[in-house]
Every structure is written in C-alpha cells, then in structure tokens.
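S.K.: Please read through the structure below; I'll follow up with questions.
The values are calculated or read from the model by the stated rules, or taken from the named source; none is laboratory data. Small disclaimer: the values here were computed from a predicted structure and weren't measured. Note: ideal-geometry Cβ built from the backbone for every residue, glycine included; neighbour counts use all protein chains shown.
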Amino acid sequence: MADFPYLPQTDENRRDMLKRIGVDSIDELIDDAIPKEIQFDAKLPLPDGLSDIEIERIIASLADKNRAAKMKNFIGGGAYEMYVPATVDEIAGRPEFYTAYTPYQPEVSQGTLTAVFEFQSMMATLTGMKVANASMYDGASATAEAAILALHSTKRKRVIYSQGLNPLYLEVLRTYIHSFDVELVPVPSSSGTTDVSALEKLVDENTACVIVQNPNFFGIVEDGKQFADIIHSVGAIYIVAIPDPMSLGIIAPPGDYDADVAVGEAQQFGNYISYGGPYIGFMTAKKELIRSMPGRIIGMTKDVDGKRGFVMVFQTREQHIRRARATSNICTNQQLCALRATVYLALLGAKGFSTLSKLLFDRAHYLAEKLTEISGISLLFDAPFFREFAIKIPGKASDVVETFARKNILPGINVGKFYSAMEDVLLISSSDLYAKDDIDELVESMKKYWNEI
C-alpha cells in the first residue's frame, strides 16, 4: 500500500507559504517546475465518499502500473501488516516526540509522560487489568519478563507453558531463564486447545506460573476461565500472552477470567512490520504485582499549584535502584512505538476498535470457508478462531510459500519450520489491507496451484 503523508496545513497556511515563495497559486508553482506538456490535465478516478483505505487502494493500483506490485501479505504469527493512518506518522514524527529520550526531568517532559500514561491506560483497559507498565521490548520478551516476575514473586522453580505458545516466544523464554535453574514444562494442546486435565496433573506446589497464549499460535481461542482456578489452587501466577490484541475487540479480556498478568505485542497498533522491528511489548497485571513489574510506570499527580501533572512513580530497573533490588535490566520503554500505538488507538476509539476486530474475524472466516472448499484442504483444528487459522494441505507448505512468493503473494507461515510433523500445515491471517477481491485472488491461485501439480 502506498504511503501518503498527512498534511495538516490550513488554507491560510498555504496562502502564507505561497506568498513567501512569490507565487499566487499551487498551479503557478507547478507551472514553474513541471513543463505543461507532461502535467496531468484530467481528474483522477476517485469517487466521492471513499475511506482512506479505499482511496489508497485506487491510487496504489494506478502507481503499480509503473512498478512491480507489492506482495499481498497473509502472514501473522505475532507480526501483522495492518493499515497505518497517516495521522500516526504525522504526530509520531513531530520533533518533540521523535527526538525525545527518557523523561528523567518531569518538569520538561510532560508531553512524553502524558503520552506514556495514555498508553498505559489503554493497555490496562484493553486487557481488563488494573496496572500497566511502559513498556517492553516486544511480546516475546514481555512474556519472558512475566515468567521472571513469577519466579521472583513466588520463589519457585517451575514454569509451565501451553504448547499453543508461539514457538518464537518460547525460544526467547528459554534464553531468558537458561541460568535460573528452572524447570520448563509444556502442557499438550494436541486438539488445538490447552489440555485442561493434563494441566491439573502438572501443577504443583513448586509451580511459579502457567503461561497460556490466547488466541494461541494456531489462531484458536482458548477458554481462559477454565485455567484460573487450577493455577491459583497451588498459589501459582496465571500469565496470558496476547500476540494479537486486536482479538480483544471480540473475545473476553484476561482480567475477566482472573489472569494475574497479561502480556503481548502492540506492533499492529500503528507500527509497521519493518522487517522485524522495532516492536512494542506490553505488560499489564493485578495491582498487588505492581512493585514486581519491570521497567517503569507513569502516574498522574498534582503540582504545588494543584494542576495535573505526570511523573515516573515506579522505576524498578537497575539504572534507577540498587542492582540487587531491580526487577529487570530492561532499559527502554519503546516510547516512540508506544506513542504510535496510542495515537492509533485514540483514532479508532472503542467503537472503531470493535468494528475492526469484527472485520478481521469476518474476513478470516470467509477465507477459511473458501479455502476448505478446495479438494484436499482442511482446517487443522475444529475449534473457534479469531483472525488466524491453520490449514492442512496436500503437499509441503514450504513449496506453496516459495511458489506464491514469486506471484507477489505471501500465503501464510510454513508451520513445518517450527514443528517437523506439520510440514503440510499453513498458518494464514487476515488483515484490514486485503479485502474480498484479494481473498478471492488467493483462493483462485490456490485452486490453480493444486490443479497444476
């Protein structure tokens, strides 16, 4: 999709700029720079009443006549290509935000601190939790930091995780705790969801925490309520990982089913995928865990004149307190990425967020329905999913990914990269960037592919 800037100038601004330049109109300015014979002397085919996304699609299709088409991306797995409103780029690019660093001096950092406070508030509201920090490197490290929080809080040595956890998150978790002398134990999820009876047998008095991803790596929505009592019965901490927080526009937030900590990835909120980062992790928790959270927490207060102000109220990282007392050595709050997420969510609002979540749900289910009509293709699991789902295909997923990439389509993730027994499984995600015509194109390409081999 083309990247069009948001230009906030008023008519008066434009008149002033043209006057400074010494011309009377935009046309006169263009005539001085571009020869008349190559100027476009017609009206662009843009009907009235279109949304930003629809206009960009039309303009991008015109531009694509001059260059190779951009790949259509149906990859998810914790990193989602979504539409980024131009306003996000405009606000995040303002110098007071773009060049700002850690707000050590609150008296000169109120703008940054206000934005961080709003980010915390939005994350706490989305997850249904009481407190949020600001913020984490990414969803994977946030998950690992939550496990360490549980190890420190409970003084126990066992971390249990559902096999529905993103395998990349699991690798980061292993890296974080490799020197902690901790037992890392998986809970089976052979039917697509976490095996509750197996979890009941695994939890014990040495369990520090249980990590459940929801929706899980295969896109399946877990019944979060069924885990809380089991986990809390042994005094362990219930951690919910949410690599796809757009799901919270439809499914219940972790706070509603008594999770202790909710972590995840906010990249798709106004941040580009950008070949692997930077991303923006979040961590929210129950109030009683606030002093065990890593990073920092921004609070609202009043100054000596009674005016509202913002300050860092908790700074439990090693740069601020004695190293032995620090909760983590995390040294950033990904503030610029968090700002982009905050602007994005503010633009959507509660109603827009729910509407967009429903759109992603509908598109994913339409795509799944059409794909499974193709002979030989079936859903991997018969379970509810949000906007991501896994399909079994007659052949290797790696071959499909390679073939479709040559056609400028990224059809999904080859799950065999992570699980050797699933070489014939493709994980596919929906996006607000790719509508029915794009979905139909993918389906028709799939039909043609299977007919030709």
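One line per residue, one yes/no per condition, for (1) in contact with a Phe, Trp or Tyr (Cβ under 8 Å, 6 or more places away or on another chain); (2) in a strand (DSSP E or B); (3) in the same structural domain as residue 297 (by TED's automatic domain parsing); (4) without any contact (Cβ under 8 Å) to a residue 60 or more places away in the chain:
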| site | (1), (2), (3), (4) |
| --- | --- |
| 129 | no, no, yes, no |
| 134 | yes, no, yes, no |
| 169 | no, no, yes, no |
| 172 | no, no, yes, yes |
| 180 | no, no, yes, yes |
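S.K.: In the stretch 17-26, what residues are surrounded by 10 or more Cβ atoms within 10 Å (Cβ to Cβ), closer than 19 Å to residue 7 by Cβ and of a type outside the set (A, V, I, L, M, F, W, C)?
M.R.: Selection gives 19, 25.
S.K.: Another question, if that's okay. Restricting to the stretch 34-80, and then to whatever is in a helix (DSSP H, G or I) and β-branched (Val, Ile, Thr), can you tell me which residue is farthest from the chain's Cα centre (by Cα)?
M.R.: Looking at the filtered set, the residue picked out is 38.
S.K.: Would you pick out the residues in the stretch 190-239 that are in contact with a Gly (Cβ under 9 Å, 6 or more places away or on another chain) and small (Gly, Ala, Ser)?
M.R.: 192, 219
S.K.: Looking only at residues that are farther than 19 Å from residue 132 by Cα and either touching a helix residue (DSSP H, G or I) at 6+ places or on another chain (Cβ under 9 Å) or modelled with pLDDT under 70 (or both) in the stretch 321-351, which one is surrounded by the most Cβ atoms within 10 Å (Cβ to Cβ)?
M.R.: Checked the stretch 321-351; the qualifying residue surrounded by the most Cβ atoms within 10 Å (Cβ to Cβ) is 348.
S.K.: If I ask for residues that are β-branched (Val, Ile, Thr), under 19 Å from residue 174 (Cβ atoms) and surrounded by 24 or more Cβ atoms within 10 Å (Cβ to Cβ), which ones from the stretch 195-243 would you list?
M.R.: Within the stretch 195-243, 210, 211, 212, 237, 239 qualify.
S.K.: Can you name every residue in the stretch 409-429 that is polar (S, T, N, Q) and over 19 Å from residue 371 (Cβ atoms)?
M.R.: Hit for the stretch 409-429 is 420, nothing else.
S.K.: All but one of (1) touching a Lys or Arg at 6+ places or on another chain (Cβ under 9 Å); (2) β-branched (Val, Ile, Thr); (3) under 22 Å from residue 82 (Cβ atoms) hold for residue 330; state the number of the condition that does not hold.
M.R.: All conditions pass for residue 330, except number (3).
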